[in-house]
Amino acid sequence: MSLGQRVSSDHQLTRLLQIGVVLEELVESRAAHHIESLPPDERAEFDEEVEELLAEAATESAEHRERLEALIDDLEAETVGYEEINALVDAQYGPPEDTDGVLYDQLANEETAYKFYDDLIEAIEASESEFAVDRERLLETLYGIREEEKEGVEEVTEVMEQRA
Amino acid sequence: MNTADQYLKAIYLAQRIEDGPASTGTLADLLEVSPASVNEMIGKLEEQDLVDHEKYKGASLTDEGLERAHNALQTYCIIERFLANVLEVEEFRDEARALESVIDDTVAERLDTIIDRPAQCPDCFDAEQDCCELLELEAGGRAD
């Protein structure tokens, strides 16, 4: 058991970035599942703004994934493909009851991703280890993604408040 | 998972291994820290009513401590299962130990949506083997 929050090796860093990729794939897949899962009457009520929000979230996640994959490439490791994660989501997916449920799930997605990157950045900053990937580039990438996750939380919250 | 939760989880497992209060030595071994660090933390957990400590016997979880230890062990199981079955990591025990301090409960909850975890979790956790006794391992280690 290792106490203390710091990333101390390329191996550990790679694993955490791989988890980041899976979290992004989860957001992407769940957003797609939400849109598809709603019954027709709910879907009619599923206004454009919410649909657009989910579509944007999926696009943004795909883009985050690419940025993480570029770092993982430099660490000479692989990632789990989207189709594989999509199939796992498919196997366990229980659709939210209504549009509010979809928004709550989306909020949880964005908040979780933000927390993950925030903890990861803290753990990298607490470490004095040299990594095979340039430290500045690594942190700049993660700062950028964390900022976009923060904006994502704000966007979902705004839509939820408007609907309340 | 924060340090307090890692201690509570270790006390829970040590109590199961020793079938009684968790001794400082066992906890120091499990957590790979000094006995002095263990004693210091046990004192803090006792102040929070999460642990009862009896001199020369060891530490036992209170009901509240037990609940938190259960949650912490579930989080740990999620991390192990995710590493073993999704990333197909062979050394998933070692890696789970290395990663647990950096993986927050909310992150583990999301990962839990794509893993197959038994309803009786964490009762099926084998303290000696340091993994769930129902965990099915898949061949290969692609993500390594």
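One line per residue, one yes/no per condition, for (1) more than 14 Å from every other protein chain (Cβ to nearest Cβ); (2) surrounded by 21 or more Cβ atoms within 10 Å (Cβ to Cβ); (3) under 29 Å from B:V107 (Cα atoms):
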residue: B:N2; (1), (2), (3): no, no, yes
residue: B:D5; (1), (2), (3): no, no, yes
residue: B:G20; (1), (2), (3): yes, no, no
residue: B:A28; (1), (2), (3): no, no, yes
residue: B:V38; (1), (2), (3): no, yes, yes
residue: B:G43; (1), (2), (3): yes, no, no
residue: B:Q48; (1), (2), (3): yes, no, yes
residue: B:V51; (1), (2), (3): yes, yes, yes
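Kindly evaluate A:I145 against the criterion of being in contact with a Phe, Trp or Tyr (Cβ under 7 Å, 6 or more places away or on another chain), among the aliphatic types (A, V, I, L, M) and closer than 23 Å to A:E63 by Cα. If you could, list the steps in order and put the result at the bottom.
Values: in contact with a Phe, Trp or Tyr (Cβ under 7 Å, 6 or more places away or on another chain): yes; among the aliphatic types (A, V, I, L, M): yes; closer than 23 Å to A:E63 by Cα: yes.
Yes; evaluated as a whole, the condition is true for this residue.
Of the listed requirements (1) under 25 Å from A:N86 (Cα atoms); (2) out of contact with any Cys (no Cβ under 9 Å at 6 or more places or on another chain); (3) in a helix (DSSP H, G or I); (4) not polar (S, T, N, Q), B:R81 misses just one: (2).
Considering region A:1-116, the qualifying helices (runs of 4 or more DSSP H), each wholly inside and each with 2 or more residues that are among the polar types (S, T, N, Q), run over A:10-37, A:48-74, A:82-92.
Give the residue that is farthest from A:Q106 (Cα to Cα), with candidates limited to residues of region A:78-96 that are among the polar types (S, T, N, Q) and facing another protein chain (nearest Cβ under 9 Å). Among them, the one singled out is A:T79.
Each row is one residue, and each column tells you yes or no for (1) among the small types (G, A, S); (2) in contact with an Asp or Glu (Cβ under 9 Å, 6 or more places away or on another chain); (3) over 23 Å from A:V153 (Cα atoms).
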| residue | (1), (2), (3) |
| --- | --- |
| A:E48 | no, no, no |
| A:E52 | no, no, no |
| A:A55 | yes, no, no |
| A:A58 | yes, yes, no |
| A:H64 | no, yes, no |
| A:D74 | no, yes, yes |
| A:T79 | no, yes, yes |
| A:E83 | no, no, yes |
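Look through B:E88, B:E54, B:E80 and report the one residue that is more than 17 Å from the chain's Cα centre (by Cα) and under 18 Å from B:D130 (Cα atoms).
Details: B:E54 fails: under 18 Å from B:D130 (Cα atoms); B:E80 fails: more than 17 Å from the chain's Cα centre (by Cα).
Only one candidate passes the filter, namely B:E88.
One residue stands out among those in region B:101-123 that are part of a loop (DSSP other than H, G, I, E, B) and crowded, with 22+ Cβ neighbours inside 10 Å: the one that is farthest from the other protein chains (Cβ to nearest Cβ), which is B:I103.
Kindly evaluate B:A96 against the criterion of being closer than 26 Å to A:A126 by Cβ, surrounded by 21 or more Cβ atoms within 10 Å (Cβ to Cβ) and touching a Lys or Arg at 6+ places or on another chain (Cβ under 6 Å).
Spelling it out, it is not the case that B:A96 is closer than 26 Å to A:A126 by Cβ, surrounded by 21 or more Cβ atoms within 10 Å (Cβ to Cβ) and touching a Lys or Arg at 6+ places or on another chain (Cβ under 6 Å).
Among residues of region B:79-106 being among the polar types (S, T, N, Q) and in contact (Cβ under 8 Å) with a residue 40 or more places away in the chain, the one that is nearest to A:K115 (Cα to Cα) is B:S101.
Computed from the coordinates by the stated procedures, all read-outs in this text should not be read as laboratory data. Keep in mind it's a predicted model, so treat the numbers as computed, not measured. Cβ coordinates were reconstructed from backbone atoms using ideal geometry, including for glycine residues, and neighbour counts include every protein chain displayed.
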